[in-house]
Amino acid sequence: MKLRWKFLLNFLILILALLILVGLQTTFWFQIFGNISAPMLWLNLVVYIVLYQKPAPAILTIYSMGFILTSFTSMPLKLMWITLLVLFMIIYGLKSRIFWSGSGYYVIMCGVSAVTFHLAYFLISLALEKTPASYEVADRLVQIILTPLFALPMYRMISSLDILTHDELNDSGGLNL
(Lines give C-alpha, C1' and ligand atoms only; values in the text may rest on other atoms or scores of the structure.)
Protein backbone atom coordinates (compact mmCIF):
# COMPACT_ATOMS: atom_id res chain seq x y z
CA MET A 1 0.00 0.00 0.00
CA LYS A 2 1.38 3.34 -1.04
CA LEU A 3 1.84 5.80 1.82
CA ARG A 4 0.67 9.24 0.83
CA TRP A 5 3.30 11.60 2.21
CA LYS A 6 1.32 14.72 1.33
CA PHE A 7 -1.64 13.44 3.34
CA LEU A 8 0.59 12.70 6.33
CA LEU A 9 2.27 16.11 6.09
CA ASN A 10 -1.14 17.79 5.76
CA PHE A 11 -2.42 15.87 8.79
CA LEU A 12 0.57 16.84 10.92
CA ILE A 13 0.37 20.50 9.90
CA LEU A 14 -3.34 20.58 10.71
CA ILE A 15 -2.69 19.01 14.12
CA LEU A 16 0.04 21.59 14.78
CA ALA A 17 -2.33 24.37 13.68
CA LEU A 18 -4.96 22.97 16.05
CA LEU A 19 -2.54 23.06 18.97
CA ILE A 20 -1.56 26.64 18.17
CA LEU A 21 -5.19 27.76 17.82
CA VAL A 22 -6.30 26.06 21.02
CA GLY A 23 -3.33 27.56 22.83
CA LEU A 24 -4.29 31.02 21.60
CA GLN A 25 -7.90 30.43 22.56
CA THR A 26 -7.26 29.08 26.04
CA THR A 27 -4.42 31.26 27.27
CA PHE A 28 -3.52 34.21 25.09
CA TRP A 29 -7.09 35.42 24.55
CA PHE A 30 -7.75 35.82 28.27
CA GLN A 31 -4.49 37.70 28.78
CA ILE A 32 -5.69 40.39 26.37
CA PHE A 33 -9.49 40.43 26.68
CA GLY A 34 -10.03 39.25 30.25
CA ASN A 35 -13.24 37.38 30.96
CA ILE A 36 -14.79 37.75 27.50
CA SER A 37 -15.45 34.30 26.04
CA ALA A 38 -12.92 33.29 23.41
CA PRO A 39 -14.03 32.39 19.89
CA MET A 40 -13.80 28.73 18.98
CA LEU A 41 -10.85 29.06 16.63
CA TRP A 42 -10.43 25.30 16.43
CA LEU A 43 -13.98 25.01 15.12
CA ASN A 44 -13.05 27.14 12.11
CA LEU A 45 -10.27 24.66 11.39
CA VAL A 46 -12.71 21.74 11.63
CA VAL A 47 -15.08 23.49 9.20
CA TYR A 48 -12.23 23.99 6.72
CA ILE A 49 -11.39 20.29 6.91
CA VAL A 50 -15.01 19.26 6.32
CA LEU A 51 -15.38 21.62 3.37
CA TYR A 52 -12.11 21.03 1.56
CA GLN A 53 -11.09 17.44 2.25
CA LYS A 54 -12.57 14.13 1.17
CA PRO A 55 -14.93 12.56 3.75
CA ALA A 56 -12.80 9.64 4.99
CA PRO A 57 -9.60 11.64 5.68
CA ALA A 58 -11.72 14.47 7.08
CA ILE A 59 -13.38 12.21 9.65
CA LEU A 60 -10.03 10.68 10.62
CA THR A 61 -8.51 14.14 11.07
CA ILE A 62 -11.49 15.52 12.96
CA TYR A 63 -11.64 12.56 15.33
CA SER A 64 -7.90 12.90 15.99
CA MET A 65 -8.48 16.57 16.71
CA GLY A 66 -11.36 15.69 19.03
CA PHE A 67 -9.05 13.40 20.99
CA ILE A 68 -6.53 16.24 21.36
CA LEU A 69 -9.24 18.77 22.24
CA THR A 70 -10.39 16.73 25.24
CA SER A 71 -7.16 17.62 27.02
CA PHE A 72 -8.09 21.31 26.76
CA THR A 73 -11.66 20.96 28.02
CA SER A 74 -13.74 19.12 30.58
CA MET A 75 -15.87 17.55 27.84
CA PRO A 76 -15.69 13.75 27.82
CA LEU A 77 -14.32 12.07 24.71
CA LYS A 78 -17.60 10.34 23.80
CA LEU A 79 -19.45 13.66 23.92
CA MET A 80 -16.75 15.39 21.86
CA TRP A 81 -16.74 12.68 19.18
CA ILE A 82 -20.53 12.49 18.92
CA THR A 83 -20.81 16.28 18.70
CA LEU A 84 -18.09 16.44 16.04
CA LEU A 85 -19.82 13.66 14.08
CA VAL A 86 -23.13 15.53 14.17
CA LEU A 87 -21.32 18.70 13.11
CA PHE A 88 -19.60 16.84 10.27
CA MET A 89 -22.87 15.37 9.00
CA ILE A 90 -24.66 18.73 9.02
CA ILE A 91 -21.83 20.70 7.39
CA TYR A 92 -21.17 17.95 4.84
CA GLY A 93 -24.90 17.70 4.11
CA LEU A 94 -25.13 21.44 3.50
CA LYS A 95 -21.99 21.33 1.39
CA SER A 96 -23.35 18.53 -0.78
CA ARG A 97 -26.47 20.60 -1.52
CA ILE A 98 -24.98 24.04 -2.12
CA PHE A 99 -21.28 24.82 -2.38
CA TRP A 100 -19.17 27.60 -3.76
CA SER A 101 -15.49 27.98 -3.18
CA GLY A 102 -14.14 31.02 -1.46
CA SER A 103 -14.01 32.82 1.81
CA GLY A 104 -17.63 34.03 1.87
CA TYR A 105 -19.04 30.52 1.94
CA TYR A 106 -16.46 29.50 4.53
CA VAL A 107 -17.45 32.37 6.85
CA ILE A 108 -21.14 31.46 6.50
CA MET A 109 -20.40 27.82 7.29
CA CYS A 110 -18.33 28.83 10.33
CA GLY A 111 -21.34 30.75 11.62
CA VAL A 112 -23.63 27.78 10.99
CA SER A 113 -21.17 25.44 12.66
CA ALA A 114 -20.86 27.65 15.77
CA VAL A 115 -24.62 27.51 16.29
CA THR A 116 -24.76 23.80 15.40
CA PHE A 117 -21.93 22.89 17.75
CA HIS A 118 -23.51 24.59 20.75
CA LEU A 119 -26.96 23.14 20.06
CA ALA A 120 -25.62 19.64 19.43
CA TYR A 121 -23.35 19.78 22.47
CA PHE A 122 -26.16 20.88 24.74
CA LEU A 123 -28.73 18.39 23.42
CA ILE A 124 -26.32 15.43 23.39
CA SER A 125 -25.13 16.32 26.87
CA LEU A 126 -28.75 16.48 28.02
CA ALA A 127 -29.40 13.02 26.57
CA LEU A 128 -26.22 11.22 27.68
CA GLU A 129 -24.96 12.76 30.91
CA LYS A 130 -26.33 12.68 34.43
CA THR A 131 -25.30 16.30 34.89
CA PRO A 132 -25.93 18.02 31.55
CA ALA A 133 -24.04 21.05 30.28
CA SER A 134 -25.04 24.39 31.72
CA TYR A 135 -26.90 26.96 29.65
CA GLU A 136 -24.35 29.82 29.80
CA VAL A 137 -26.38 31.79 27.27
CA ALA A 138 -24.18 34.91 27.28
CA ASP A 139 -20.92 32.99 26.84
CA ARG A 140 -22.34 30.81 24.09
CA LEU A 141 -23.80 33.81 22.28
CA VAL A 142 -20.47 35.65 22.40
CA GLN A 143 -18.72 32.58 20.99
CA ILE A 144 -21.32 32.24 18.24
CA ILE A 145 -20.77 35.87 17.24
CA LEU A 146 -16.95 35.90 17.51
CA THR A 147 -16.19 32.57 15.82
CA PRO A 148 -17.22 33.63 12.27
CA LEU A 149 -15.46 36.98 12.71
CA PHE A 150 -12.13 35.19 12.88
CA ALA A 151 -12.98 32.92 9.95
CA LEU A 152 -11.75 35.20 7.16
CA PRO A 153 -8.14 35.59 8.37
CA MET A 154 -8.06 31.92 9.29
CA TYR A 155 -9.31 30.95 5.83
CA ARG A 156 -6.42 32.75 4.20
CA MET A 157 -3.88 31.18 6.56
CA ILE A 158 -5.22 27.64 6.34
CA SER A 159 -5.72 27.69 2.58
CA SER A 160 -2.14 28.88 2.03
CA LEU A 161 -0.89 26.01 4.21
CA ASP A 162 -3.22 23.57 2.49
CA ILE A 163 -1.96 24.45 -0.98
CA LEU A 164 1.53 23.36 0.04
CA THR A 165 0.54 19.95 1.36
CA HIS A 166 -2.74 18.87 -0.18
CA ASP A 167 -2.73 17.23 -3.60
CA GLU A 168 -6.29 18.08 -4.60
CA LEU A 169 -9.26 19.92 -3.18
CA ASN A 170 -12.46 17.95 -2.82
CA ASP A 171 -15.36 18.76 -5.11
CA SER A 172 -18.69 19.15 -3.39
CA GLY A 173 -20.82 17.02 -5.62
CA GLY A 174 -23.58 19.58 -5.15
CA LEU A 175 -24.64 22.76 -6.87
CA ASN A 176 -21.59 24.94 -7.51
CA LEU A 177 -22.28 28.64 -7.58
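The values are calculated or read from the model by the stated rules, or taken from the named source; none is laboratory data. Being a predicted model, the structure only gives us computed values, none of them experimental. Quick reminder, even Gly has a Cβ in these numbers, built from the backbone with ideal geometry, and neighbours come from all protein chains shown. Each accessible area value is taken on the protein alone, full model and side chains, heavy atoms only, with ligands, DNA and RNA left out. Shrake-Rupley method; radii C 1.70, N 1.55, O 1.52, S 1.80 Å.
Number of Lys-Lys pairs in the chain with C-alpha atoms under 21 Å apart and a separation of 8 or more places or on different chains: 4. Along the chain, the exposed loop sites are trypsin sites (Lys or Arg not before Pro) outside DSSP states H, G, I, E and B with at most 14 other Cβ atoms within 10 Å, and the longest stretch free of them is 5-129. Each listed q (0.16, 0.17 Å⁻¹) maps to a log10 I(q)/I(0) for segment 1-106, found by the Debye formula over equal Cα scatterers with no solvent: -0.79, -0.88. With the simple spin-label model, which puts each label point 7 Å out from Cα in the Cβ direction, the VAL112 to ASP139 separation comes to 2.8 nm. Surface exposure of the chain, expressed per residue as accessible area with a 1.4 Å probe, stands at 55 Å².
Estimated at 0.36 nm per residue, the fully extended path between ARG97 and SER64 surpasses their Cα-Cα distance by 9.2 nm.
Take the chain, connect every pair of alpha-carbon atoms lying under 10 Å apart with a spring to form a Gaussian network, then pick out the residue of TYR105, TYR135, TYR92 with the largest mean-square fluctuation. In this elastic network of the chain, the residue with the biggest mean-square fluctuation among TYR105, TYR135, TYR92 is TYR135. Only helices reaching 24 angstrom along their own axis (Cα) with mean Kyte-Doolittle hydropathy no lower than 0.5 count here, and for the DSSP H runs of the chain these are 5-23, 77-97, 103-128. Mean projected area of the Cα convex hull of the chain, taken over all directions, amounts to 10.6 nm².
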